[in-house]
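Below: the structure, in structure tokens.
The values are calculated or read from the model by the stated rules, or taken from the named source; none is laboratory data. Worth saying up front: this structure is predicted, and the values here are computed from it rather than measured. No Cβ is skipped: glycine too gets one built from the backbone with ideal geometry, and neighbour counts run over all protein chains shown.
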Amino acid sequence: MVWSKFLQAEAKLWRVRKSEASSGQRVLMATSMGGYDHGAVVECGLAIATTLRGAKVDLLLCDRAIPMCQITKINGFPEEDLIAGVMSPRCVNCYPRGHKLFEPLGLDVHLYSELLPAGAEQLIDRIVAETDLRKLRDLTLLGCRIGEHAYAGILRYLASGEALSHPQYEGLARKALIAALRTALAINELLSRRRYDVVCMHHGLYTPQGIIAEICRQRGIRVVTWNPTYRQSTFIFSHAETYHRSMVSEDPAVWDTLSLDVDDRRERLERYMATRRDGSADWVHFNRDPTSRFEEIARTLGLQPGVPIVTALTNVLWDAQLHFPGNAFAGMLDWVKTTIELFSKRDDVQLVIRVHPAELTGSLKSRQPLMDEIARWFPALPSNVHVVGPGSKMSTYEILDHTDTAIIFGTKTGIEIAYMGKPVVVAGEAWIRGKGFAMDASSEQEYRDLIGSLPIGRGLDPDKQERARRYAYHFFFRRMIPLPFLTMNEKQNLIPGLTSIRQLEPGNWPGLDVICDGILHNEPFFYEGFHADEVAAAAE
């Protein structure tokens with residue numbers, strides 16, 4: 001299955017390399033969710049690649065021990081069944097898929113049920129009984145923000161930005177907390193039994209990966225997290241924490257002196273950024289075949305000619321809700337409501353709110369549509385406020401072309417907006433916060449003051465736009481590391497386009513070398529090359 005045919009073809013080589021790696025660095029691929037194909041397929045490949053580089057690799061799988069995890073979704077699995085202890089179809093199939101994928105490797109595979117220590121269930125029952133589930137987000141155990149990850153998992157399951165008012169919240173919270181505690185006890189037991197130099201996992205938040213990452217950090221074990229990114233066959237890897245945090249906290253010094261005037265960098269960036277409008281060079285894109293004529297968009301929305309436009313871009317409410325101390329608002333809903341209220345008192349500017357298309361087209365359709373929340377607050381919108389729904393084919397880029405200033409909470413599109421030379425106000429955890437080319441609001445009053453200063457009436461200063469372009473290159477070309485041999489089929493499954501495991505040895509794929517050097521030697525996850533396959537893809 002996926003990798004096994006390569007291992008069978010090179011069985012002797014694989015046995016020799018595993019034997020040679022028996023005393024090498026200890027690596028744990030904490031996959032856990034064998035049924036999450038993207039994570040399992042990539043980490044199986046990384047297990048092979050790091051073994052070929054001399055590492056002793058172990059694997060971790062959940063064998064139906066966790067009642068609620070990142071892949072548990074309300075779509076097709078109602079909350080009543082989850083609370084009653086019925087096993088979801090995805091959970092039933094998860095371990096067999098992971099076992100079938102990992103078994104041919106012949107590496108040590110650790111199972112959650114075998115790691116839970118004696119007395120674990122009694123301890124878990126006591127903690128759950130003593131926890132105020134209404135304050136779940138505040139729960140910390142073993143130095144780990146158990147409650148934050150458990151609550152984020154509830155939001156992900158519900159596909160909603162709020163859970164406390166849900167009629168089944170108490171039952172869901174118990175399941176989420178049980179799952180989080182079992183994860184914590186299992187990984188704590190494994191780390192007590194075996195020494196690891198580094199633990200690698202997908203995403204780095206929710207249950208189980210967020211909890212695994214935190215406990216490893218508490219024990220002084222290096223952590224590597226990763227996620228697929230926009231550009232086809234590229235991935236983002238981070239040291240220590242989820243990329244949601246690392247991209248916010250990353251030191252600007254790692255990209256600020258980058259020159260775009262060498263190695264055709266500026267041209268590469270321009271070619272790729274042009275493709276962002278239709279997603280032709282991406283495998284993650286949410287609005288295919290958008291409407292591209294602004295005149296039609298303006299007529300449909302009822303925009304007033306000559307009145308400056310400010311565009312606010314939203315996020316999906318439930319996605320990756322974590323606490324970021326720099327945010328001006330407690331959450332995105334507070335930000336949207338306050339923004340509409342502020343613009344309702346203005347007649348010299350018009351506000352366009354672009355609701356994120358992924359509310360409808362993402363892997364998990366939102367069950368708390370932002371437009372419903374807006375309609376509840378404002379049964380009749382102010383005349384200068386216009387909302388573009390998630391299902392609209394209107395081009396966000398075409399609207400931005402005619403925008404004075406953009407306002408964002410956490411969307412990555414802020415990188416592109418600044419690249420275009422547009423001023424950007426940041427209210428949340430957007431990755432352009434603290435990078436020196438956006439207007440960062442760190443309190444609600446600071447945000448109100450910034451909104452009061454709009455419209456700007458001019459584009460970004462040239463030096464700030466150039467800084468934004470350097471960051472865009474860093475993000476789209478250095479942080480997005482290519483693995484061109486991994487592609488998606490028509491079912492959106494990852495497929496390795498290889499003929500031999502020898503192709504995973506050093507020197508064959510520069511991106512894979514960067515990733516393995518980062519995992520094994522703590523090197524930065526920066527890709528400085530430009531593979532020929534990427535040149536062709538960027539030019540298309």
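General observations
- Restricting region 186-206 to residues that are of a type in the set (Val, Ile, Thr) and crowded, with 24+ Cβ neighbours inside 10 Å, the residue that is nearest to Gln70 (Cα to Cα): Ile187
- Residues satisfying the stated conditions in region 9-44, i.e. part of a helix (DSSP H, G or I) and surrounded by 16 or more Cβ atoms within 10 Å (Cβ to Cβ): Trp14, Arg17, Lys18, Ala21, Asp37, His38, Gly39, Ala40, Val41, Val42, Glu43, Cys44
- Lone qualifier among Thr183, Thr131 - being β-branched (Val, Ile, Thr), touching a Pro at 6+ places or on another chain (Cβ under 6 Å), crowded, with 17+ Cβ neighbours inside 10 Å and in the same structural domain as Gly76 (by TED's automatic domain parsing): Thr183
- Of note, Pro484 does not satisfy the criterion of being modelled with pLDDT of 95 or more, part of a loop (DSSP other than H, G, I, E, B) and either over 30 Å from Lys345 (Cα atoms) or of a type in the set (Phe, Trp, Tyr) (or both).
- Looking only at residues in region 228-284 that are among the hydroxyl-bearing types (Ser, Thr, Tyr) and part of a helix (DSSP H, G or I), the one that is surrounded by the fewest Cβ atoms within 10 Å (Cβ to Cβ) is Ser249.
- Residue that is surrounded by the fewest Cβ atoms within 10 Å (Cβ to Cβ), among those in region 487-540 that are acidic (Asp, Glu) and modelled with pLDDT under 85: Glu490
- Which listed residue is touching a residue at least 24 places away in the same chain (Cβ under 8 Å) and within 21 Å of Arg17 (Cβ to Cβ), from Pro104, Pro67: Pro104
- Of the numbered criteria (1) at pLDDT below 95; (2) out of contact with any Phe, Trp or Tyr (no Cβ under 7 Å at 6 or more places or on another chain), the one Ser160 fails is (2).
- Test result for Ile71, over 21 Å from Gly24 (Cα atoms) and not aromatic (Phe, Trp, Tyr): yes
- Selected residue (only one of Asn75, Asn93 is polar (S, T, N, Q), in a loop (DSSP other than H, G, I, E, B), modelled with pLDDT under 95 and assigned by TED's automatic domain parsing to the domain that holds Leu177): Asn75
- Among the residues of region 390-407, those identified as within 23 Å of Ala375 (Cβ to Cβ) and either at pLDDT below 95 or not assigned by TED's automatic domain parsing to the domain that holds Trp335 (or both) are Pro390, Gly391, Ser392, Lys393, Met394, Thr396.
- Within the set Met480, Met439, the sole residue that is over 28 Å from Gln304 (Cα atoms) and in contact with a strand residue (DSSP E or B) (Cβ under 7 Å, 6 or more places away or on another chain) turns out to be Met480.
- The selection criterion, being among the polar types (S, T, N, Q) and either at negative phi or outside the structural domain of Asp513 (by TED's automatic domain parsing) (or both), holds for Ser88.
- Ile124 vs. criteria surrounded by 18 or more Cβ atoms within 10 Å (Cβ to Cβ) and part of a helix (DSSP H, G or I): yes
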